[in-house]
1. If Lys and Arg each add +1 and Asp and Glu each add -1, what is the summed charge of the other residues whose beta carbon sits under 14 Å from the beta carbon of W22?
2. Sort largest first and round to whole Å: the equivalent ellipsoid semi-axes of region 101-153, each the square root of five times a Cα gyration tensor eigenvalue.
3. Let me spell out the model: positive unit charges on the Cβ of Lys and Arg, negative unit charges on the Cβ of Asp and Glu, origin at the Cα centre of the chain. What dipole size does that give, in debye rounded to 20?
4. What is the local net charge at D102, summed over the other residues whose Cβ is closer than 12 Å to its Cβ (Lys, Arg +1; Asp, Glu -1)?
5. If you average the alpha carbon positions of region 61-102 and of region 9-31, how far apart do those two centres end up, in angstrom?
6. Please list 3J(HN,Hα) in residue order for region 134-148, calculated via the Karplus relation 6.51 cos²θ - 1.76 cosθ + 1.60 where θ = phi - 60°; whole Hz, with x for glycine and proline.
Amino acid sequence: MNSTSFTATLLCPATPGDGAPWFFVVLPREISATLPRRGRTSVAGTLNGQPFQATLEPDGQLSHWLKISDELREAAGATIGEQVTLEIAPLEQEPEPEIPADFQAALDMAPAAQAVWNDTTTLARVDWIHWIVSAKQAKTRMQRIANACDMLASGKRRVCCFDESGYYSKAFRAPQSR
């Protein structure tokens, strides 16, 4: 797929959480529509000419948002509230997702689930992990891990009833900006 250029406003989350400062942009819906999927999508690109590789997150509005580190923001010479120029292109092959330790431990204890997991596509694994980590409470996350192992062990290769875009379930949103 060819790269796409656009401008967006550099935002800072209202509640950035712990750790280093970070920033984000929300992609225009028409740009997201050109991407291969509404869920998490890995891209390579530039921000004000500075190269990066990242995974776009669904925003629940049929678009995506992009987390930008302070290092990338500084290298790009961008300030909060400013219009930045981005050029992005989906990666030809989605990178293998990092398996959360608690999920990997559950898979290790369920050989049938692990076998099906190993035989699924990278995109299916991205969706399984996204479904698990999107749980807002620890109890829900633990239940999703148990359900994932059960579904995988029964031969299910894709997580059912999971709206990867967040549009129908409103499970995903871009951060609120300040």
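Readers should treat all values here as calculations from the given coordinates under stated rules, not as data from a laboratory. On a predicted model such as this, the values are computed, not experimentally measured, just so you know. Cβ atoms come from the backbone with ideal geometry, glycine included; neighbour counts cover every protein chain shown.
1. Overall, the nearby charge balance is -2.
2. Largest first, region 101-153 gives 17, 13, 8 Å.
3. Details: 17 positive and 20 negative charges, 141 e Å.
Once rounded to the nearest 20, the dipole reads 680 debye.
4. So the surrounding residues net to +1.
5. So the two Cα centres are separated by 9 Å.
6. Couplings: 7, 4, 7, 10, 4, 4, 5, 4, 4, 5, 5, 5, 4, 5, 4 Hz.
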